[in-house]
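Participant: What follows is a structure written as structure tokens; I'll ask about it next.
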Amino acid sequence: MALHLISNARLGSSSEGYDDLSRYHRELIAGNPHSLVVFLRNMIDKGAGKMVERMDILKKFKGNY
């Protein structure tokens, strides 16, 4: 059993870290039935709700996890 605790990505504030997070998910989590992912605080930037592209930010996050 593998527990992955992921937090503070702040997606929406910048694209920095998104590719690394996506690669981590593909290589270590996806396809592994023994992995449990817990997304903790600050996964989406608090200012993302005010951005015009807020739906795109949420769809990008949802589409990969």
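Participant: Quick check on the chain: helices-only [θ] at 222 nm, where DSSP H runs of length 4 and up contribute -39,500 (n - 2.57) each and the sum goes over total residues. Nearest 500, please. Intermediate results must be reported in sequence, preceding the final value.
Facilitator: Details: 2 runs with 18 residues, N = 65.
So the calculated ellipticity at 222 nm is -8000 deg cm²/dmol.
Participant: Taking the mean number of other Cβ atoms within 10 Å as a proxy for protection, how do you rank 30-40, 48-58, 2-12 from highest to lowest?
Facilitator: Working: 30-40: 10.7, 48-58: 12.3, 2-12: 14.2.
Ranking the peptides 30-40, 48-58, 2-12 by packing returns 2-12, 48-58, 30-40.
Participant: Taking H placed 1.01 Å from N in the peptide plane, check which residues at least 5 places from Val37 or on another chain put their amide H under 5 Å from its amide H.
Facilitator: His4
Participant: Give the accessible surface of the chain per residue, rounded to a whole number of Å², with probe radius 1.4 Å and ligands, DNA and RNA excluded. Write out the running numbers ahead of the final one.
Facilitator: Numbers: 4910 Å² over 65 residues.
Dividing the accessible area of the chain by its residue count gives 76 Å².
Participant: Moving on to the next point. For the chain, just list the percent of Cα-Cα distances falling in each 5 Å bin from zero outward, please.
Facilitator: Going out from 0 Å in 5 Å bins, the chain shows 4, 17, 27, 26, 15, 8, 4, 1 percent.
The values are calculated or read from the model by the stated rules, or taken from the named source; none is laboratory data. Everything numeric in this text was worked out from a predicted model, so none of it was measured. Cβ atoms come from the backbone with ideal geometry, glycine included; neighbour counts cover every protein chain shown. What goes into the accessible areas is simple: the full protein's heavy atoms, side chains included, and nothing from ligands, DNA or RNA. Shrake-Rupley method; radii C 1.70, N 1.55, O 1.52, S 1.80 Å.
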